[in-house]
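Step one of this worksheet: look at the structure below.
The values are calculated or read from the model by the stated rules, or taken from the named source; none is laboratory data. It should be emphasised that the depicted structure is a prediction, and the values quoted were computed from it without experimental measurement. Cβ placement follows ideal geometry from the backbone for every residue including glycine, while neighbour counts extend to all protein chains displayed.
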C-alpha cells in the first residue's frame, strides 16, 4: 500500500505544479501571442489562441508613433546610475557598520533601519517639493538622485560583510595598509555575491519604477518605458489592444531576458534576505 | 596566535581608534548626505506639514502657511472617503496576505518535498510575475479580465459559468485586484519559504517517522515550528507592502468603480494631486502608524512559541 501510494502522490504533485505554472505563465503567453494579432482578431468572441494571420503591424506602428529608443535609453541610464550608486555607497556604509568602530555608529544604524518601515507615501510630497526647489523636475538627475542610496542596500551589505572573518582587517593593518585601501583592496573584491544580488534587485526596481518618474518626467524626452506605456495605455489609445500588448511586450522582454540569464544568483539573493 | 593578540591589543590604542573612526566616517559620508537630504529631511518635513495647512499654492510663499495642530488628523479620521479607503485596504490585506502566504507555502512545500526534477524550472516560472513592470502587467490583466471575450471569462464559460464584469463591477473589482496582487507577489514569499524549508534538519524528520509520526504530524510539529521565524518575516514584509497598496488600483481601476478599490495610499495621492499637501501628509502618517501597529501585532502573535 505504502509503495503504491508514493508514486501516485508524486505524479499528482507534478500535475498540480504544472497546472499552477500554466496559470501563472498564461498572462505572458497571452500578451506575446496577442501582440502579433490584428485588432479585429483581438476583438473576436470567443478569442483565438494562436494568431490566425501573424502580423508585425502592432510593433511597426508603435515604433513609428513613439520614440521608444529614447524611453529605452532613459530607462537604461537611470537604472545603471541608480545601481552603481547603491552598490558603491551601500557597501561603503555596510562595511563601516559591520567592521569598524566609530562614534554615532549605533545611532546611524537605528536611523537607517528605522526608515525601512516608513511608507513611500510619507516622503512623496516633501521629496517632490525638494526636487522642484533644486530645479530637477523634468530631468534625469531628478529621476536618479532620490534613489541613489537605500536602507535595504545597507542592511543587505552589512549582513553579508558581518559574515566575513575580522582577521582580514587585522592582516591588512599589520601589512600597513590604510583603512580605505583595506576596504577597496581586501573587502570589496570579496563582496561579489552580495553585490550581484543588490545590483540585480536595484536594477529591476529602478527599471520597473513607475510613480516617481510619472510625476517627475513631464516632457517626452525624459519619459522612461513604464511612464510612456502608462500614459499611452490610459489615453485615447486604451481601446487599441494590439498596440498596447506590443508595448507591454517591449517593456517586459528585456527584463525577462536579464532575469533568465541571472536567475540562479538572483533567487539565492532573495532567499538570503529572509533567513539571516 | 601571537600575531592576533598583538593586533588585538594594538587595535585598542587611541591612535588606531581615531584612524578607524575617521575612515568609517569617510566611508559613511556619501550615503549619509544623500540619506539625510532625500529620506530623513522629507520624513521630518512631512511630519511638520501634517500639522499645517500647506497647499500647493504656498510653495512660493512659505510664510503664509499656518500651524493648525491636529486639525488635519481630525479631518482625516472623520472623512467618510478616507474611512472607506481604510476599509478597502483592510479587505485587501486581510484577504490578500493569508492567500499569498498560503499559496506560497503550498508551492514551496511541493517543490521542496514533492518533486525531484524540474525544480528550478517551476521556481523560475512562479517567480516571473515578480520581476515584471506593473504597467505592462496592468495592460495584460485588463485584457484578460475583459467582460466579453476576455480569457478568464472564456475559460469560465467552458465549465458553464458566466463570469462577471470583473473591473466594472463594484463587488468584483477588489477580488480582481487581490487575484492580481497574489499572482504578482507569491513568488517572493515562495523563494524565502523554500530557503527556510531547506534549513529544517532532515534527521528530525527521520527520527519522527521512525517513532511513527504521520506526514501531517511531522509538518505540524517539526516543520511549522522551525519555520516560524521565516513565516514571521514573510508575513511582516508582505503586510507592510499590502498596507501601502497603490499601484494595482492606480493602473487598473483608478480607485473605482464607486471608490470600491480606493486604497489609503491612493486617496492620499489624490489629495496630493489636488494640492492639499498638509492633509495628504497627515494621512500618510496615519498609514505609517497603522503599519507600525500591524507589524508590532504580528511580532507578538507569531513570536510566541505556542
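At-a-glance table
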| read-out | value |
| --- | --- |
| Condition met for residue B:170 (within 30 Å of the chain's Cα centre (by Cα) and either surrounded by fewer than 15 Cβ atoms within 10 Å (Cβ to Cβ) or not assigned by TED's automatic domain parsing to the domain that holds residue B:296 (or both)) | yes |
| Residues of region A:53-67 classified as assigned to a loop (DSSP other than H, G, I, E, B) and within 28 Å of the chain's Cα centre (by Cα), total | 2 |
| Helices (runs of 4 or more DSSP H) contained entirely in region A:170-259, each with at least 3 residues that are within 8 Å of another protein chain (Cβ to nearest Cβ) | A:192-208, A:225-234 |
| Single residue of B:93, B:140 found to be assigned to a helix (DSSP H, G or I) and in contact (Cβ under 8 Å) with a residue 12 or more places away in the chain | B:93 |
| Residue match in region B:232-244 (condition: away from chain A (no Cβ under 14 Å) and either more than 19 Å from residue B:138 (Cβ to Cβ) or surrounded by 15 or more Cβ atoms within 10 Å (Cβ to Cβ) (or both)) | no |
| Matching residues, region A:128-141, being surrounded by fewer than 22 Cβ atoms within 10 Å (Cβ to Cβ) and either more than 7 Å from every other protein chain (Cβ to nearest Cβ) or under 24 Å from residue A:94 (Cβ atoms) (or both) | A:128, A:132, A:133, A:134, A:135, A:136, A:137, A:138, A:139, A:140, A:141 |
| Cross-chain or 6+ apart pairs with Cβ under 7 Å, region B:106-120 first and more than 8 Å from every other protein chain (Cβ to nearest Cβ), then surrounded by 15 or more Cβ atoms within 10 Å (Cβ to Cβ) | B:108/B:190; B:108/B:193; B:108/B:194; B:108/B:197; B:109/B:197; B:112/B:194; B:112/B:197; B:119/B:111 |
| Condition check for residue A:66: surrounded by 17 or more Cβ atoms within 10 Å (Cβ to Cβ) and away from chain B (no Cβ under 12 Å) | yes |
| Residue ranges of helices (runs of 4 or more DSSP H) in region A:95-169 with at least 3 members within 20 Å of the chain's Cα centre (by Cα) and either in contact (Cβ under 8 Å) with a residue 24 or more places away in the chain or not assigned by TED's automatic domain parsing to the domain that holds residue A:200 (or both) | A:140-144, A:151-162 |
| Given (1) surrounded by fewer than 17 Cβ atoms within 10 Å (Cβ to Cβ); (2) more than 26 Å from residue B:175 (Cβ to Cβ), number of the condition residue B:76 does not satisfy | (1) |
| Residue check for residue B:284: modelled with pLDDT of 85 or more and buried (at least 23 other Cβ atoms within 10 Å of the Cβ) | yes |
| Of the criteria (1) free of Cβ contacts under 8 Å to residues at least 24 places away in the same chain; (2) under 23 Å from the mean Cα position of the chain (by Cα); (3) more than 30 Å from residue A:182 (Cβ to Cβ), which one residue A:70 fails | (1) |
| Subset tally (residues that are under 15 Å from residue A:94 (Cβ atoms) and surrounded by 21 or more Cβ atoms within 10 Å (Cβ to Cβ)) for region A:109-127 | 1 |
| The lone exception for residue A:77 - which of (1) in contact (Cβ under 8 Å) with a residue 60 or more places away in the chain; (2) facing chain B (nearest Cβ under 8 Å); (3) surrounded by fewer than 18 Cβ atoms within 10 Å (Cβ to Cβ) it fails | (2) |
| Every residue from region B:48-63 that is part of a helix (DSSP H, G or I) and either under 12 Å from residue A:125 (Cα atoms) or at pLDDT 90 or above (or both) | B:48, B:49, B:50, B:56, B:59 |
| Candidate set: region A:36-52, residues that are more than 8 Å from chain B (Cβ to nearest Cβ), in contact (Cβ under 8 Å) with a residue 40 or more places away in the chain and in a loop (DSSP other than H, G, I, E, B); chosen: the one farthest from the chain's Cα centre (by Cα) | A:38 |
| Unmet criterion (only one of (1) facing chain A (nearest Cβ under 7 Å); (2) within 18 Å of residue B:175 (Cβ to Cβ); (3) within 22 Å of the chain's Cα centre (by Cα)) for residue B:138 | (1) |
| Single residue of region B:89-105 satisfying the filter (buried (at least 22 other Cβ atoms within 10 Å of the Cβ) and farther than 13 Å from residue B:235 by Cα) that is nearest to the other protein chains (Cβ to nearest Cβ) | B:89 |
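A quick yes/no check of all residues on (1) more than 9 Å from chain A (Cβ to nearest Cβ); (2) over 18 Å from the mean Cα position of the chain (by Cα); (3) farther than 23 Å from residue B:99 by Cβ:
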site: B:205; (1), (2), (3): yes, yes, yes
site: B:217; (1), (2), (3): yes, yes, yes
site: B:265; (1), (2), (3): no, no, no
site: B:277; (1), (2), (3): no, yes, yes
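This table checks each residue for (1) at pLDDT 85 or above; (2) over 20 Å from residue B:129 (Cβ atoms).
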{"residue": "B:172", "(1), (2)": "yes, yes"}
{"residue": "B:175", "(1), (2)": "yes, no"}
{"residue": "B:185", "(1), (2)": "yes, no"}
{"residue": "B:194", "(1), (2)": "yes, no"}
{"residue": "B:197", "(1), (2)": "yes, yes"}
{"residue": "B:206", "(1), (2)": "no, yes"}
{"residue": "B:211", "(1), (2)": "yes, yes"}
{"residue": "B:215", "(1), (2)": "no, yes"}
